[in-house]
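The values are calculated or read from the model by the stated rules, or taken from the named source; none is laboratory data. These figures come from a predicted structure and were not determined experimentally. A quick note on method: Cβ atoms are made from the backbone with ideal geometry, for glycine too, and the neighbour counts reach across all protein chains shown.
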């Protein structure tokens, strides 16, 4: 007997079949999606991604605004200069440039030939981009660059790969301060620049421009930026350096990408390094972590010099600090070796000149070394002789008639008046314990001479306002953590015309002979003759001692050997573009020799 289906039954069956088809289609789509995800994960897992920790988030990725170190750690991998420092010799070598610049003394110009390079979008890098970049520096008076580029009178684009720089006058800093500036794409920035120039505040408009995907010629390109969490940069397949040999190194990058993670404190970052969450922490670590990291398997420590200067400065605009004999006596009292051993825990060196010894070509080793090799009693005796010969007296001198050291009391100036209280300004201990502690120790050493010295910690902003803005101070302890390798800063710090509110001559030092040498070295384009002038400038400063160089801390860094090796050590450590072009994955053979 044949069963007849009602219309309701037929409708029900049709709905069932439709439901089955939908389920099968959904199952198929889910299966395809899962397979795609699995393949994607497998592909991603095969990529070699370097993980680096940063102490803070970059403040900006706008190349015209960036001034903090964390921003430049990212931007230096994107925007490239024409010339870069060799990590071993510290000499400038061609980077985007093909050769070293050719100087035409008769026409006072430099001819620069460029490599065949491309921007990360595939468009060619040309001499027009160089000229455009220079124009932005000049037209917008970009603070970080304008003062250096003022020496350039005009730029001539000879052809797509050749550019000529005409100078207003001879300038020794063209190579080190101008030709090392980052180059930008005219195609990308021209519309932004044109729009900014039409506003009331062009520079602010340019610096406020939001950057979504920076266009560069460097080894990496920005792929993803999650604010407050991470930055992911992928290898730039169009990087001009890949496969080239520069500074005796065949460049990569040899990794597929770099992830940067932000850590608020050193403790958290060091723990992440030990746990393998990051491969390197791009920041100096404190000596207190050394023992802990040394005991951690697969952690490698790097110990390098810095281009830094930490010093005590005097206000030589007023008495008694305008007396060179007093400044020399204070320099004699300071036990720099104590500072290095106790304060730096031997991770640093005593400084005797304004140019760090790591910058060997420009450093003067033969400057006066007031306290070197002297014990406490000898320092006091020598300082006593300096002041006594200059007319200072005491109610109770630090050295008695028999040459014995005793407690000094009530020092008097050469005019017979009592020496007033002397304040040594320092940053607070929570900002920089080293400088705060150095100020306290200098206070104690000066008191042994009967000098009424008092170290006073002060917020960093207030300290700078008193020292650099108002010139309302006696003495201070400050430092420069990253000096340029071109030593023109010796001129900047002590040139008499820079003694002005907010000027760089914070001590108020004035010496016509020094000014003459400073001007001559800036115009001297022969490197060896310029060195002779700078050597003499350092000698004069250490003879007059408006600043007393104190110490130069080393930079301690750590990385994990588990996944990557090949870090390039240089002055300032392993955090540099050379490392990022040279770091390679550890092979299975290296893991299991």
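Miscellaneous remarks
- Qualifying residue in the range 288-298 (condition: in a strand (DSSP E or B), within 29 Å of residue 88 (Cα to Cα) and either without any contact (Cβ under 8 Å) to a residue 60 or more places away in the chain or under 24 Å from the mean Cα position of the chain (by Cα) (or both)): no
- Filtering the range 397-406 to residues that are surrounded by 10 or more Cβ atoms within 10 Å (Cβ to Cβ), in contact (Cβ under 8 Å) with a residue 12 or more places away in the chain and part of a loop (DSSP other than H, G, I, E, B) leaves 397, 398.
- Filtered residue count, the range 443-485, keeping only those that are assigned to a helix (DSSP H, G or I), touching a residue at least 60 places away in the same chain (Cβ under 8 Å) and under 28 Å from the mean Cα position of the chain (by Cα): 1
- Only a single item in (1) outside any helix (DSSP H, G or I); (2) in contact with a strand residue (DSSP E or B) (Cβ under 9 Å, 6 or more places away or on another chain); (3) under 23 Å from residue 114 (Cβ atoms) is not met by residue 181, and it is number (2).
- Test set (1) buried (at least 19 other Cβ atoms within 10 Å of the Cβ); (2) more than 16 Å from residue 446 (Cα to Cα) - residue 334 fails condition number: (2)
- Inside the range 409-431, residues that are out of contact with any helix residue (DSSP H, G or I) (no Cβ under 8 Å at 6 or more places or on another chain), surrounded by 15 or more Cβ atoms within 10 Å (Cβ to Cβ) and not in a strand (DSSP E or B) make up a count of 3.
- Positions within the range 377-391 being surrounded by 14 or more Cβ atoms within 10 Å (Cβ to Cβ) and in contact (Cβ under 8 Å) with a residue 60 or more places away in the chain, in sequence order: 379, 380, 383, 384, 386, 387, 390
- Positions within the range 511-531 being surrounded by 18 or more Cβ atoms within 10 Å (Cβ to Cβ), under 24 Å from residue 323 (Cβ atoms) and either assigned by TED's automatic domain parsing to the domain that holds residue 172 or touching a residue at least 24 places away in the same chain (Cβ under 8 Å) (or both), in sequence order: 511, 514, 518
- Residue among 78, 74 that is surrounded by 15 or more Cβ atoms within 10 Å (Cβ to Cβ) and in a helix (DSSP H, G or I): 74
- Among (1) under 26 Å from residue 278 (Cβ atoms); (2) at pLDDT 95 or above; (3) not assigned by TED's automatic domain parsing to the domain that holds residue 130 - the single one residue 43 does not satisfy: (2)
- Against the criterion of being at pLDDT below 95 and not in a helix (DSSP H, G or I), residue 278 does not qualify.
- Test set (1) within 30 Å of residue 530 (Cα to Cα); (2) in a loop (DSSP other than H, G, I, E, B) - residue 264 fails condition number: (1)
- Qualifying residue in the range 338-353 (condition: surrounded by fewer than 16 Cβ atoms within 10 Å (Cβ to Cβ) and closer than 27 Å to residue 467 by Cα): yes
- All positions within the range 151-169 that are part of a loop (DSSP other than H, G, I, E, B) and touching a helix residue (DSSP H, G or I) at 6+ places or on another chain (Cβ under 8 Å): 151, 160, 161, 169
- Number of the condition not met by residue 265 [criteria: (1) over 20 Å from the mean Cα position of the chain (by Cα); (2) loosely packed, with under 14 Cβ neighbours inside 10 Å]: (1)
- Residue 324 meets each of the listed conditions (1) surrounded by fewer than 21 Cβ atoms within 10 Å (Cβ to Cβ); (2) touching a residue at least 40 places away in the same chain (Cβ under 8 Å); (3) under 30 Å from the mean Cα position of the chain (by Cα) apart from (3).
- Count of residues meeting criterion [within 20 Å of residue 47 (Cα to Cα), touching a helix residue (DSSP H, G or I) at 6+ places or on another chain (Cβ under 9 Å) and not in a loop (DSSP other than H, G, I, E, B)] in the range 551-565: 3
- When 505, 410, 415, 498 are screened for being closer than 30 Å to residue 378 by Cβ and free of Cβ contacts under 8 Å to residues at least 40 places away in the same chain, only 415 passes.
- Considering residues of the range 446-463 that are under 16 Å from residue 409 (Cβ atoms) and in contact with a helix residue (DSSP H, G or I) (Cβ under 7 Å, 6 or more places away or on another chain) only, the residue surrounded by the most Cβ atoms within 10 Å (Cβ to Cβ): 449
- Filtering the range 497-517 to residues that are more than 17 Å from residue 533 (Cβ to Cβ) and in a helix (DSSP H, G or I) leaves 497, 498.
- All positions within the range 211-238 that are touching a residue at least 24 places away in the same chain (Cβ under 8 Å) and either assigned to a loop (DSSP other than H, G, I, E, B) or exposed (fewer than 14 other Cβ atoms within 10 Å of the Cβ) (or both): 211, 214, 215, 216, 217, 218, 219, 227, 228, 229, 236, 238
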